[in-house]
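Values in this text are rule-based calculations from the coordinates and carry no lab data. Quick caveat, the model's predicted, so the values are computed rather than measured. All Cβ positions, glycine included, derive from the backbone under ideal geometry; neighbour counts span all protein chains shown.
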Amino acid sequence: MAKAAPVIDSVDALTARIATMRKAQAEFAKFTQEQVDKIFFEAAMAANKARIPLAKDAVEETGMGVVEDKVIKNHYASEYIYNKYKDMKTCGVVEDDKAFGYKRVAEPIGIVAAVIPTTNPTSTAIFKCLICLKTRNAIIISPHPRAKKCTIDAARIVRDAAEKAGCPKDIISWIEQPTLELTNELMHSADIILATGGPGMVNAAYSSGKPALGVGPGNTPAIIDDTADVRLAVNSIIHSKTFDNGMICASEQSVTIVGDKTYKAAKAEFAARGCYFLKPAELDKVRKAIIINGSVNAKIVGQSAYTIAKIAGVEVPVKTKILIGEVTSVDPSEEFAHEKLSPVLAMYKAKDFDDAMAHAERLVADGGYGHTSSLYINTDETEKMDKFEEAMKTCRILINTPSSQGGIGDLYNFKMPPSLTLGCGSWGGNSVSENVGPKHLLNLKTVAERRENMLWFRTPEKVYFKRGCMPVALDELGSVMGKKRCFIVTDQFLYKSGFSKRIEDKLDEMGIVHSCFWDVAPDPTLQCARRGEEQMRAFEPDCIIALGGGSAMDCGKIMWMMYEHPECKFEDMSMDFMDIRKRIYTFPKMGEKAYFIAIPTSSGTGSEVTPFAIITDSDTGTKWPITDYALMPEMAIVDVDNMMTQPKGLTAASGVDVLTHALEAYVSIMHSDYTDAVALKAMKQVFENLPSAYDNGASDPKAREGMANASCMAGMAFANAFLGLNHSLAHKLGAFHHIPHGIANAIILTRVMRYNAAERPTKMGTFPQYGYPHAKARYAEAARFCGVTGKDDDEVFEKFLAKIDALNEHVGVPKTIKDFGIDEKAFLATLDDMTEQAFNDQCTGANPRYPLMSEMKELYLDAYYGREPRSYEDE
Amino acid sequence: MKLSDKKVELASRGNKVVYADGDRIVKVFNSEKPVSDVFNEALNLARIEETGIRCPKVLEVSEVDGGWAIATENVPGTTLAKKVADDPKHEKKYMEQFVALQLEIHKHTSPLLQRQKDKYARMINGLECLDATTRYELLMRLDGMKPETAVCHGDFNPTNVIVGDDGKLYVCDWAHATQGCSEADAAMTYLLFALDDQKTADEYLDLYCAKADTPKQVVRHWLSIVAASELSRHRKVNEEFLMSWVDVADYQ
C-alpha cells in the first residue's frame, strides 16, 4: 500500500497537493472513453452501495435532515447521474461530420474546485466526483466544516472505487480542515470552480478570477390556481417541503392560492394531511425563531416542524409535517417571505391569477432570482401558463410538480437533466442557467477543415436557339402548356417595327389572347413598370413574354415580380449580399401566376438567362439592382432573326459587353467548370464574330448568330459566377457620365485585367475555392483558348491584351474616358463618389482581387488620361 | 505630559481614565494597553481630522504614570446622548441630526485607514467563544463584502457625538475607525442601540435606510458580523444577546 497522502491543513500543503493532482490529471487526460466509462461505472456503483451509511453519517454529523430522504439523494446522485451520462461521449472526438469537415474534441478542464454545502453534503460530493470522473477532471473538495466528515467519506468511497477501476491516484482530493483561507486559495489555484453554497461563497467563487459554476439562493414560490387539482397540488407540496426537512434549495417557500374556494379547499387538505396552521399569537413566535435579522437561524435549518415549533415556544403535535403561516406581506420585512431551509411554509391568498403572479414575482425578486418557481394548474389553461412562463425570472419553471424533486431533474420530467447543482443564470449571478452536468466541465475544441463552397449552375428550364426557332418555341405555349392569355412587354421601336407582331400572329394562330405593353424606355423606371403592371393585372395573363434588349427584359422581370408578389419591397429585394445563398432576404416563389419568356433582340446583356434586373425610381433617382434566381426567366428564345437589324453602335457596345461578361465570369472567385465552359466558348465567339457582325451587319447572319449565342452563353456564365470590378467601375461611369454600358466596360477592360493579374495584390478575394492569387494564369488560359500563343503566361497575357485592344479599336471603342468626351473637371469632381459607389457595387465581391478604394481611384484616373500601362503589383 | 491639578475625571472604563484638563481632554491608558493601540487611535484621529470631518484635534501622545495618554482638544459642548436624555421630547430631531451626521461621515474617504473587512476578520478569528464552523460561516459571509472605502466610525453612537456650544456637531472616539462598507457601519450602530433599547434601534434603522435609500436587509446582512466583532470586547452582560445574533445560516 502506498503511504496515505499528507493532510491538507495549510496553504503549502494545498499547493503541494495541487501539484501532485496536476500530474495525475495529465495522465488521466490520456484515458480512453472505455477506461473512463469503466471508472465511472465502478465509482457510481460504490457510491450507491454506501448510500445508507453515508445518509446516516450526514444526519448524525450535521444534525440536519432526514436519513431516509438523504438515502434517496445519495441513490439519485449515483444512479440517475450514471444512467443519464453513461453513454455520453466525453473523451476525445465526440462529434465528427466528415462531409462538412467538422469535428468536436472533448478535453478535460483540469482541476475542479468543489465547494460542498452542509445541506446536501454526501449527495453533492457523489454528484460532483462522478461528473469529474466522467470528464477526466481532477476534483478537490472543500467541505463545509459542519459536514466535513461525511463529505470526505463520500468522496473517499468514490475515489477508492475509481482507483480500483484504474483511475490515477489523487484524482479526487479534499481539504481536511476547511478554512476560508484554504477555500480561497483553492479557488485561486483550480481551473474551474463548482461552487454550491450561500451568496458569500458564490461571490468568493466569482471574484477568484477563475471561471465558476456557482449557484445562488432560491425562494421558490408555488401558485395553486383555481383550476388546479387541489389534492395533487397540496400533497405534492407536502411531499416536497418535508423532503429532507426542506433543505433542497428548490423547495417551496410559499404557496399562493387563487380564490377563496381554492384557498379553503387547500387549507383543509393541508390540515387533513398533518400540516399545522399557526395561530396569530404563534405566528410571531415562529417568525422570531426562524429568521434573525433577515437571515435564517442556523438552529432551525433542516429540523422537523415539531423541533422548530419547540424552539419557537409553540406546542404542536410531534408528527406535524409543516408549519404553515397564513400571511399577507411579500415584503422582506415578513419573515415568512424568506427562504427558510426547513419545513416552514408561507401561505398567501390571491384574489385572482394575476395577483398570485404578482406575489410570486416579488418573492422571486427578493430572494430567489434565477432559481425555481412552481405552478399548479389545469394544463388546458395554456394562456395562464404562458403568462407565468413569461413573467417568472427563474431558470426552472415547474408545472404540477413537487419542486424539490422536480427542480433537480429526471424525477418528474425525463428530459430535464439530473443535477445537484442548479444554475440560476445571470439573474442569480451565474454563468449557467441550466442544471449543471458533465458538459460544463469540458473544453470542446472544434476542428474545422477547409471546405469549398457548394455551387450550382442555374439556367432557364429551356433555352431555344438557332435561327428561326421563335415560332417553334412559341408553339409550345399552346400545344404543350395550354396557355390562354399572353402578355407582351416591349419597347416602342420593336412594337412599331413589327417585331411584336410576329409573336402576336403566332399567338392568334394558336388562339391565345394577348395584350401588349410597348412603352418600355431605355434604363426602365419603376413608374414605367408600375404602369405596365397595372395593365398586366387587369389582363391577368398566364404567360408573359419580354421582347427586346436588356431594358425590356429587365422591366418585364420586375413587372412579373410585382404581378406575382405585389407585397414585395424593392428596399428588401435590392439589399446587397456576400453570398447569394446566404442573403438575409428570401425571395418568394415565382411562376405561380404566369410563365415568363425572354426573347432578346440584341446580343449583349444575356438578360434572357440571368437572375438580374435593374430598375430606377425616377421620383428619387434610386437605382434598384435586383438579383435573385427567382427572377430567372423560365424560357429564353435566342432567335437571331430578331437581331438582324441591330444598328452598328449597338452591335459594338453590346458585343464588347459580352466579352467583358465572359472574361469577368472566367476569373471570378466563384467560377466553376460549368461556367468556365460557357465563358470560354462565348469569348472565343466574340473574337471570331464581332468584327464581321460590326462590319457586315445582317449581311453576315452567321456572325450575327455567333454573337447571339456568345451573348447568351456569357449570360449563363455570369448568372452563376457573377462579374467583377470591371463592371463595378463601368456601372458608375454609366451612372455619373452616361457612357453606354458596353463601351464603359471596354474602355477600362485591359487596365482592370492588369490590375487583377497582379501576382502580389494588396488583398485577394475571399472564397474558399480561391486559394491564392492566380488571375493572370486564368487570363492566359482563356487567351490560349482564343488562339493566343506565347512562351509563358506573361507573354500570352500581353498578347491577349493587345488582341482585346485591337478588337476594341476595330469596333470603335475610345481609348480613354477622356476620349469619350468626358470633361476633366466634371470627371474629377465625381471621382470620389464614383469610387466609393463602385467599391460598394454588388459586382465587386466576386473579383479575384479585393480592391482598395485608393486603387480604384487610380484605375479611374489611369483610364481617364490613358496613362502608360503598369503592373499594379503591391510594391 | 503632566496633568494639572484642575483635572476632572469624566469617565473610567477598563484600561483607561478620561479627564477634562482645562481646554484639553486626556485619555490615560494603563500599562496593559498596547502602546501601538494608543498611537493608532491618535493616528486615526489625525487622519479623520485631515478628511475635514469635525472632530477634536489631537494635541499630544506621551507617557503618563507608566501608561500612555492621548491629549485632544476639549470641545465645549454636550454629548448628543445627554441632550436626548435631558430633552426626550425632541428625540426625533436628535435622531435625524445623528443619522445625517453619520451619512455625512460616510461620504468621506481616507485611503490609509485600516480596512474594515480586515478588522472584522481579525476580530472573528480571535473569538474563542465561537466554534470553528460558526467562525467559518461568518468569515464566508464577510468574504462576500465588496471592497468599499467609506470612512466608518465603528462605534458611532450618541455618546460619541458632541453638540458644540457653537451649535456644530463634533465626533469623538475614533479608536475603531476603518474604511469600508457604510451599511456595516450602520449595522454596528443599530447593534449598539439594540443593546440598550430595541425600539430606538428600529427607529434608527428606519430613518437610516430611508435617508440612505438602502434596503434594510442590506444593513441587516452585516448584523451577524458586527455582533461577532462586538463579542470580542468580552462584555459579559451582552454575550447571550450577541450570540443569538451570530448563529445564522447563509442560504444554500
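Overview of results
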item: Residues A:GLU533, A:GLU383 arranged by fewest to most Cβ contacts within 10 Å; result: A:GLU383, A:GLU533
item: Over 24 Å between alpha carbons, listed pairs A:LYS148/A:LYS169; A:LYS557/A:LYS857; B:LYS82/B:LYS119; A:LYS103/A:LYS210; result: A:LYS557/A:LYS857; B:LYS82/B:LYS119; A:LYS103/A:LYS210
item: Selection from A:SER208, A:VAL813, A:PHE687, by position along the positive dipole direction of the protein assembly as shown (Cβ); result: A:SER208
item: Dipole magnitude (debye, nearest 20) for segment B:77-246, charges at Cβ of Lys, Arg, Asp, Glu; result: 260
item: Total charge dipole magnitude, segment B:8-73, about the Cα centre, Cβ charges on Lys, Arg, Asp, Glu only, Debye to nearest 20; result: 220
item: Number of partner chain Cβ atoms within 10 Å, mean per residue of A:325-334; result: 1
item: Most positive-pole-ward Cα, A:ILE72, A:ILE584, A:VAL513, against dipole of the protein assembly as shown from beta carbon charges; result: A:ILE72
item: Interchain or long-range residues, amide H under 5 Å from A:ALA350's placed H; result: A:ILE257, A:VAL258, A:GLY259
item: Furthest towards positive pole of dipole, A:ASN184, A:ASN745, A:GLY548, structure part the protein assembly as shown, Cβ charges; result: A:ASN184
item: Against the rule of thumb 2.2 N^0.38 Å, how large the Cα Rg of segment A:116-194 comes out; result: 1.02
item: Part-to-part distance (alpha-carbon centres) for segment A:104-145 and segment B:26-89, which is given in Å; result: 54
item: Peptide B:126-133, shielding by other chains (average Cβ, 10 Å cutoff); result: 2
item: Members of A:LYS128/A:LYS340; B:LYS16/B:LYS216; B:LYS6/B:LYS83 lying beyond 28 Å, as alpha-carbon distances in this model show; result: B:LYS16/B:LYS216
item: Protection proxy ranking of A:462-470, A:682-690 - average other beta-carbon atoms within 10 Å, highest first; result: A:682-690, A:462-470
item: Peptide ranges B:106-118, A:665-677 listed from the most packed, as the mean C-beta count within 10 angstrom indicates; result: A:665-677, B:106-118
item: Net +/- balance of residues flanking A:ASP793 in space, Cβ distance below 9 Å, scoring K and R +1, D and E -1; result: -3
item: Total formal charge among the other residues, if their Cβ is under 11 angstrom from that of A:CYS150, Lys/Arg +1 and Asp/Glu -1; result: +2
item: Per-residue HN-Hα couplings for segment A:816-824 [Karplus 6.51, -1.76, 1.60; θ = phi - 60°; Hz; x = Gly/Pro]; result: 9, 5, 4, 4, 5, x, 8, 5, 4
item: Residues with amide H under 5 Å from that of B:LEU59, placed H, sequence gap 5 or more; result: B:ALA71, B:THR72, B:GLU73
item: Segment A:49-60 - phi-based ³J(HN,Hα) in whole Hz, Karplus 6.51/-1.76/1.60, Gly and Pro as x; result: 4, 8, 4, 6, x, 5, 5, 4, 4, 4, 5, 5
item: Dipole moment magnitude, nearest 20 debye, segment A:220-410 about Cα centre, only Lys, Arg, Asp, Glu C-beta charged; result: 980
item: Karplus 3J(HN,Hα) series, Hz, for segment A:342-354 with 6.51 cos²θ - 1.76 cosθ + 1.60 (x for Gly, Pro); result: 6, x, 10, 10, 8, 10, 10, 10, 10, 6, 8, 5, 5
item: Restraint check, A:LYS241/A:LYS267; A:LYS267/A:LYS288; A:LYS73/A:LYS241; A:LYS501/A:LYS702, Cα-Cα greater than 19 Å; result: A:LYS267/A:LYS288; A:LYS501/A:LYS702
item: Packing rank of A:346-359, A:212-225, where each peptide gets the mean count of other beta carbons within 10 Å, highest leading; result: A:212-225, A:346-359
item: Average silhouette area of segment A:693-820, convex hull of alpha-carbon atoms, in square nanometres; result: 9.4
item: For the protein assembly as shown: Kirkwood Rh in Å [reciprocal of mean 1/r, alpha carbons]; result: 37.2
item: 10 Å Cβ neighbours from other chains, averaged over peptide A:286-294; result: 4
item: Residues listed by number, segment B:133-170, amide nitrogen under 14 Å from B:LEU207 label point at 7 Å toward C-beta; result: B:157-159, B:161
item: Enclosed volume per residue, in Å³, of the convex hull spanned by Cα atoms of segment A:220-410; result: 101
item: Unit Cα scatterers, Debye sum, segment A:648-875: log10 I(q)/I(0) for q = 0.09, 0.14, 0.15 Å⁻¹; result: -0.32, -0.82, -0.95
item: Cα gyration tensor shape of segment A:489-557, rounded if a/c is under 1.5, else prolate or oblate by comparing a/b with b/c; result: oblate
item: For A:CYS543, distant residues with modelled amide H under 5 Å away; result: A:ARG485, A:PHE487, A:TYR595
item: Where labels lie 7 Å past Cα in the beta-carbon direction, separation of B:LEU3 and A:THR379 in nm; result: 8.2
item: Globularity index of segment A:532-660, i.e. its alpha-carbon radius of gyration over 2.2 N^0.38 Å; result: 1.09
item: Listed residues B:TRP174, B:TRP68, B:TRP222, most fluctuating in chain B (Gaussian network, C-alpha, under 10 Å); result: B:TRP68
item: Neighbour net charge for A:ALA703 - beta-carbon separation under 10 angstrom, K R +1, D E -1; result: -2
